[in-house]
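J.: Please read through the structure below; I'll follow up with questions.
The values are calculated or read from the model by the stated rules, or taken from the named source; none is laboratory data. Note that the structure is a prediction, hence the values are computed from the model and not measured. In this analysis, Cβ positions are derived from the backbone assuming ideal geometry, glycine residues included, and neighbour counts consider all displayed protein chains. Side chains included, ligands, DNA and RNA excluded: accessible areas come from the protein's heavy atoms. Shrake-Rupley method; radii C 1.70, N 1.55, O 1.52, S 1.80 Å.
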Amino acid sequence: MTFIEFFNYAVLLYFIAMEAQLLILAVMSYGALRKDRFASRFGRIHDMLTSDTTPPVSIIIPAYNEAAGIVESVRSIALLQYPRKEILVVNDGSTDETMQRLIDEFELEPIDTPYRPRLDSAPIKRIYKSSLPLPLVVVDKENGGKGDAINAGLNVARYPYVMATDADIVLEEEALLRAMRHFVENRSATVAVAGNVRPLNGCDVRRGKVTRVALPRRPTEMAQVVEYIRSFLGARPAWSHLNALPIVSGAFGVFQKEAVIEAGGYRTGHLGEDMELTMRLHRHFRKQRRPYRIVYAPDAVAWTEVPTNKDILRKQRIRWHRGLMQVIREYKGMLFDPRYGIVGMVSWPSFVAFEFVAPIIEFIGWVAVPASLLLGILNLEIAIPLMLIALALGAANSLIGLILDERFGYYNRAGEAWRLLIYSLGEQLGLRQRTVWWRVRAMFWNPRRKEWGDMQRTGVGNLSADEKVSA
Amino acid sequence: MSRPHVLVAEDDRVVSLLLSRSLETAGVDVTAVYDGVEAYEAGKNGDFDLAVLDQVMPGLLGAEVLHRWNREGVDIPVIVVSGLTDDDDVIKLLDMGAVDFVRKPFNVREVLARVKLQLRSKL
Amino acid sequence: MTLTEMSQFDVVLRSTLLPLLVAVSSLTAFAAFWLFAVKVYGNVRSRFDEFRRASYVGAISEIATRSGYPLDSLRNWAPDPVFVDTLMEFLRFLQGRERDNLLRLSRELGIVERFMATLDHGRRRESRTEAAEALSEIGDPSAVPALLKALNDPVVEVRIQAAEALARLQEPAAVVPLIGLLHREEEWAAARIADSVVRMGSIAVGDLSRHVLLTSIGDPQEAQRIGLAVRALGLIGDPSAEAALLEALESEYLDVRVRAAAALAGAGTPRCVPALIRALRDPAWEVRSQAAKTLGRRLAVEARDPLRDALRDESWWVRINAAAALAEIPGGVEVLVEATVDDDAFARDTARAQLGTLGFDEDTIAELLHVKEAG
């Protein structure tokens, strides 16, 4: 057996090992989801609505040039069922009408409140309060990026818990109650709760509420639905169960304010600020050997608009991958360090292997295997079954995502079920390779190149879904 | 005397149905709408003796509907139904001209009693 | 590598790969078909459910708002889980006569007995929890024995629901078992049980006070549970708990002292004021700040001077709460005005800030001080 031959087999086996790992996680996720569903069903979240022990929450919405949608987002957030909440919009130095639209619609008036920053942020211009009976506060500040805006929000927030979200998502009415259940049930240890993010494309939305859940038409969007389901249900419930969740999505996460401030708040100018913060929280608490929990709440759902065309999707994915690489660089010290427990020994290495190393290997595989076949170096009888097994396992994984999703009862119409299946199986031929290609491209991306200038601005919302998806 | 006409704006269909049924039994004509914008439009174009507005509705909040009516000279007495727990917000509501206020979760009979109180000259 | 070695490797691979491929792909295909079938079946079923639900909603709201109804046609509906679900949904937010109408309906249709049977020997934990939840919603006294038994269910959610049901029924026989659960359950579940104990109200005060007085706390977890019991006594607000709360205020555990200082706001009498004034010198700031707050709530005139001293406390929370308390106590505002010229900078600032929120501007404060010096 030649070296090339051996290398080819090794690549294929690596594939299979990766997929097998996902299968194991999926089985664990199944157990975790079952448990969570029971707790969620009988958690009596509605008692929280009238209980005076339900902790109050500040909801932070960073907004950069969101004039078109900001009013609707505030209205949608106002519909959240929760006894005591404050809505905190942070206008991150928008250059459009964002601020004026908020002032007009919600009759904002400037208030004099002492501003005592505990986290650094770009300067605050003014703080407003709605004169309607609506707990809305708007912070007008100079531009500093998404993380910077959330930090300013953390400084102004009145309440001990903060929810960080995007301006372009629609939350289910009970989402916040469902997320906060985890804080109520383990108040001393829970520091963060991650919500479940689903693509909004294709659904009917009326006045800030999802009125009908349906699948989108375009293939690019369909592929993302399958991807989101797989990534949010396949592994995260398992990681959460092990208290090793590597990411609390920026689109919907609830935090204990003190924990975030203690860990140093959000990093500014980071491409993956949500993942960075999550890893920092893990490191912070594990290093100090303090009990803590970072929980994933699959029943707390936020619907987010995902890119509708290929170019925007490509840019988004490349940016995410850059963010991921930045986090990996900064937290490589945690890899295989027993001080960080299961995060250091299992979840973080697996995340790096799967999200970062695997695309490289897979890319090499897609190039080397066909090339070797053409050159006649490989034994067809072995290489082809191996490749097919890898693809079948990939399909099985997508399918498991759908099976785990089944109990949530979405996409049950026959036509939809059929299309979901076709996409989850067909994804293996084409879409999967495309994502790998984008990831590989991201590795050679030069941040100074002009093409990506618009993304360096780190404004919120120029690309819709600020969420990491493991493809 | 004709039956008084009441606008019920409540986004929860079951609650809305229940309120409407009990009001009708009490001798009132009811028009039910399910979000803030519909409520606002209905009030502007219709002839109502009273409106029962849920505070938290899609489109416009109950208080906003009231506020806009005030601004445009639509004169309908308003009872706001709300889960607000902040006394400040209750004061703001009454400041804006709400004639009464019912806390959620509410008792249908309580709402009924308050509606009757407001309509006593017409029932 | 020799030729034979290579071919051996190939043979091994070949003999395992093909079966593996067949297994993986056929499993996947099977799962895909199965999933498709499940989804479509679920869709059809939920459409039928929705359809029936719509007619039930109409009928139930009719029954709730009027008194007479044809029981016979309802008999056919009673076994349908969708009907029971819809009925429960109505019961969750209805009160008064409408609620009574529906409760009578659920008794007449035998729904209570069915839930009792499920609670007692249902196999699935989901159905047992559901039954306990429904029984607590319906609140029928005949369910008490089944609910008392369910306090020993192996599933914690069932125990919590049963406790809540018994509390809503104001069942005296449940007080002692509930306190036992409060002491045994995990932190979050114990907090839920504590809410139920509060709902029991005065009938729980005697046993709960005894529990607080007689338990010798061995570890912080126990202290936390006793803290919950103390908090419950405060929320119930029955002054016969005062002796137990005063004892708890002297506990060696911080959790218990803080809760006791807070609970005396609800269940204290004027007799607890001296103890609270002593608590203003507790080593823990949590206790001091809570004591200050409670003294304000009790409008304790004799606490004015000690609270003035507390304005100089090293802890910000204690100072703030002391100032807020003085703002409530008769004559306390004068003390705050005096404190604006205190030697201590903390006391001065805190007093000024508090007077500011009461609407006193600098000029008014100066004028008041002037009047005070003159008079």
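J.: If you fit an axis through the alpha-carbon atoms of helix C:125-138 and take the longest principal axis of the Cα set of chain C, what angle between them do you get, 0 to 90°, nearest 10?
T.: It works out to around 50 degrees.
J.: So what does residue C:186 come to for accessible area, using a 1.4 Å probe and Å² rounded to 10?
T.: Accessible area, nearest 10 Å²: 120 Å².
J.: Then there's this: What's the local net charge at residue C:373, with K and R +1, D and E -1, over the other residues with C-beta under 12 Å away? It would help to have the intermediate numbers written out before the result.
T.: Numbers: positive: C:372; negative: C:338, C:367.
Local charge sum for residue C:373: -1.
J.: If the elastic network links every pair of Cα atoms under 10 Å, which of C:338, C:286, C:157 fluctuates the most in the Gaussian network model of chain C?
T.: C:338
J.: Average partner chain C-beta neighbours within 10 Å, per residue of C:38-44? Intermediate values should be presented prior to the final figure.
T.: Values: counts 5, 14, 7, 1, 5, 7, 3.
Partner-chain Cβ atoms within 10 Å, mean over residues of C:38-44: 6.
J.: If R0 is 35 Å, what FRET efficiency do you get for residue C:345 and residue A:126 from their C-beta distance, rounded to 0.05?
T.: 0.70
J.: How large is the dipole of the stretch B:5-118 about the Cα centre if only Lys and Arg carry +1 and Asp and Glu carry -1, each at its Cβ, rounded to the nearest 20 debye? Before the final figure, lay out each step's value.
T.: Working: 11 positive and 21 negative charges, 62 e Å.
Using only the charged Cβ atoms, the result is roughly 300 debye.
J.: Follow-up question, since we're still on this one. Please give every one of the lysines within straight-line cross-link reach of residue A:209, meaning a C-alpha to C-alpha distance under 19 Å, and leave out same-chain neighbours fewer than 8 residues apart.
T.: A:85
J.: In Å², and per residue, what accessible area does the stretch A:391-436 have when probed at 1.4 Å with the other protein chains present?
T.: Values: 1520 Å² over 46 residues.
For the stretch A:391-436, the per-residue accessible area is 33 Å².
J.: List the lysines whose Cα lies under 22 Å from the Cα of residue C:372, skipping any in the same chain that are fewer than 8 positions away.
T.: Straight-distance partners of residue C:372: none at all.
J.: A follow-up question, please. List the lysines whose Cα lies under 30 Å from the Cα of residue B:122, skipping any in the same chain that are fewer than 8 positions away.
T.: Residue B:122 reaches B:44, B:92, B:104.
J.: Here's something else I'd like to know. Taking the Cα centre of the stretch A:45-309 as origin and charging only Cβ (+1 Lys, Arg; -1 Asp, Glu), how large is the dipole, in debye to the nearest 20? Intermediate values should be presented prior to the final figure.
T.: Working: 33 positive and 33 negative charges, 220 e Å.
Computed about the Cα centre, the dipole is about 1060 debye.
J.: Can you list residues whose amide H is under 5 Å from residue A:300's amide H, if they're 5+ apart or on another chain and H is modeled 1.01 Å from N?
T.: Residues meeting the amide H criterion: A:196.
J.: Follow-up. Using a 1.4 Å probe on protein heavy atoms only, how many Å² of accessible area do B and A hide from each other, summed over both chains and rounded to 100? Can you show the working numbers first?
T.: Numbers: alone 6530 and 19700 Å², together 24650 Å².
What B and A bury together is about 1600 Å².
J.: Where is the GNM fluctuation largest for chain C (alpha-carbon springs, 10 angstrom cutoff): C:360, C:115, C:48?
T.: The residue that fluctuates most here is C:48.
J.: With bins 5 Å wide starting at 0, give me the P(r) of the stretch B:5-118 over every alpha carbon pair, in whole percents.
T.: Pairs per bin, as whole percents: 2, 13, 26, 27, 21, 9, 2, 0.
J.: 7 Å from Cα along Cα→Cβ at both residue A:444 and residue A:335: what's the point-to-point distance in nm?
T.: The two pseudo-label positions are separated by 2.2 nm.
J.: Counting Lys +1, Arg +1, Asp -1, Glu -1, what net charge surrounds residue A:170 among other residues with beta carbon under 9 Å of its beta carbon? Intermediate values should be presented prior to the final figure.
T.: Numbers: positive: A:209; negative: A:72, A:168, A:172, A:305.
Result for the neighbourhood of residue A:170: -3.
J.: So what's the projected area for chain C, the Cα convex hull averaged over all directions, in nm²? Can you show the working numbers first?
T.: Values: hull surface 141.3 nm².
The directionally averaged projection comes out at 35.3 nm².
J.: On to the next question. Add -39500 (n - 2.57) for each DSSP H run of 4 or more in chain A, then divide by its residues: what number comes out at 222 nm, to the nearest 500 deg cm²/dmol?
T.: Numbers: 17 runs with 230 residues, N = 471.
The helix contribution divided over chain A gives -15500 deg cm²/dmol.
J.: In debye, nearest 20, what is the charge dipole magnitude of the protein assembly as shown about its Cα centre with +1 on Lys and Arg Cβ and -1 on Asp and Glu Cβ, if you could check? Display every interim value, and only then the final one.
T.: Numbers: 116 positive and 126 negative charges, 512 e Å.
Here the protein assembly as shown has a charge dipole of around 2460 debye.
J.: Going by average Cβ neighbours within 10 Å, how do the peptides A:373-381, C:31-39 rank, with the highest at the top?
T.: Working: A:373-381: 13.4, C:31-39: 16.3.
Sorting A:373-381, C:31-39 by mean packing, highest first, produces C:31-39, A:373-381.
J.: A further question on this structure: So if R0 is 56 Å, what FRET efficiency would residue A:262 and residue A:377 give, r being the distance between their Cβ atoms, rounded to the nearest 0.05? Spell out each step's value before the answer.
T.: Values: r = 57 Å, r/R0 = 1.01.
Calculated value: 0.50.
J.: Another question, then. Take the alpha carbon gyration tensor of the stretch A:45-309, find the square roots of its eigenvalues, order them as a ≥ b ≥ c, and report rounded if a/c is under 1.5; if not, report prolate when a/b exceeds b/c, else oblate. Please list the in-between numbers first.
T.: Details: a/c = 1.38, a/b = 1.08, b/c = 1.28.
Rounded, since a/c falls under 1.5.
J.: For the pairing of chain C with chain A, what total accessible surface becomes buried, with a 1.4 angstrom probe, in square angstrom to the nearest 100? It would help to have the intermediate numbers written out before the result.
T.: Values: alone 20570 and 19700 Å², together 36630 Å².
What C and A bury together is about 3600 Å².
J.: Taking all protein chains in place and a 1.4 Å probe, what share, in percent, of the accessible surface of the protein assembly as shown do carbon and sulfur account for?
T.: Details: 22550 of 40380 Å².
Exposed carbon and sulfur together represent 56 percent of the surface.
J.: Given R₀ = 30 Å, FRET efficiency for residue B:72-residue A:116 by Cβ-Cβ distance, to 0.05?
T.: Given R0 = 30 Å and the Cβ-Cβ separation, E is 0.10.
J.: May I ask you to evaluate 6.51 cos²θ - 1.76 cosθ + 1.60, the Karplus curve with θ = phi - 60°, for each residue of the stretch C:363-371 and list the ³J(HN,Hα) values in order in whole Hz, giving x for glycine and proline?
T.: Whole-Hz 3J(HN,Hα) from phi for the stretch C:363-371: 4, 4, 4, 4, 5, 4, 4, 4, 4.
J.: If you count only protein heavy atoms with a 1.4 Å probe, what accessible area per residue comes out for the stretch B:5-118, rounded to a whole Å²?
T.: Numbers: 4310 Å² over 114 residues.
Roughly 38 Å² per residue, with all protein chains present.
J.: With a sphere of radius 11 Å drawn around the Cβ of residue C:344, what net charge do the other residues whose Cβ falls strictly inside it have (Lys, Arg +1; Asp, Glu -1)? All intermediate terms of the calculation are to be shown ahead of the outcome.
T.: Working: positive: C:308, C:312, C:319, C:348; negative: C:309, C:313, C:314, C:342, C:343, C:349.
So the environment of residue C:344 carries a net charge of -2.
J.: Among DSSP beta bridges whose residues both lie in the stretch A:45-309, state the antiparallel percentage, nearest 5. Working shown, then result.
T.: Working: 22 of 48 bridges.
Rounded to the nearest five, the antiparallel share is 45 percent.
J.: A further question on this structure: Quick one: which residues, 5+ away or cross-chain, put their amide H under 5 Å from the amide H of residue A:165? H built at 1.01 Å from N.
T.: Answer set, sorted by chain and number: A:60.
J.: Using a loss threshold of 20 Å², tell me which positions in the stretch B:91-115 are less accessible in the complex than in their chain alone. Probe radius 1.4 Å, ligands and nucleic acids ignored.
T.: By number: B:92, B:96, B:105, B:106, B:107, B:108, B:109.
J.: Name the residue farthest towards the positive end of the dipole of the protein assembly as shown from the options A:106, C:131, A:370, assuming +1 on Cβ of Lys and Arg, -1 on Cβ of Asp and Glu, about the Cα centre.
T.: Of the candidates, A:370 comes out farthest on the positive side.
J.: Moving on. So what is the 222 nm mean residue ellipticity for chain C from helices alone, if each DSSP H run of at least 4 adds -39500 (n - 2.57) and you divide by all residues, rounding to the nearest 500 deg cm²/dmol?
T.: Calculated mean residue ellipticity at 222 nm is -24500 deg cm²/dmol.
J.: Something else about it: If you restrict to DSSP beta bridges whose two residues both lie in the protein assembly as shown, what percentage is antiparallel, to the nearest 5?
T.: Given both bridge residues lie in the protein assembly as shown, the antiparallel proportion sits at roughly 35 percent.
J.: What is the Å³ per residue value for the convex hull set by the Cα atoms of chain A?
T.: Values: hull volume 69.2 nm³, N = 471.
Per residue, the Cα convex hull of chain A comes to 147 Å³.
J.: Which value results when the Cα radius of gyration for the protein assembly as shown is divided by 2.2 N^0.38 Å? It would help to have the intermediate numbers written out before the result.
T.: Values: Rg = 31.4 Å, N = 969, 2.2 N^0.38 = 30.0 Å.
So the protein assembly as shown has a normalised radius of gyration of 1.05.
J.: Positive end of the dipole of the protein assembly as shown, charges at C-beta (+1 Lys, Arg; -1 Asp, Glu), about the Cα centre: which of C:155, A:150, B:7 has its Cα farthest in that direction?
T.: Going by the charge dipole, the pick is C:155.
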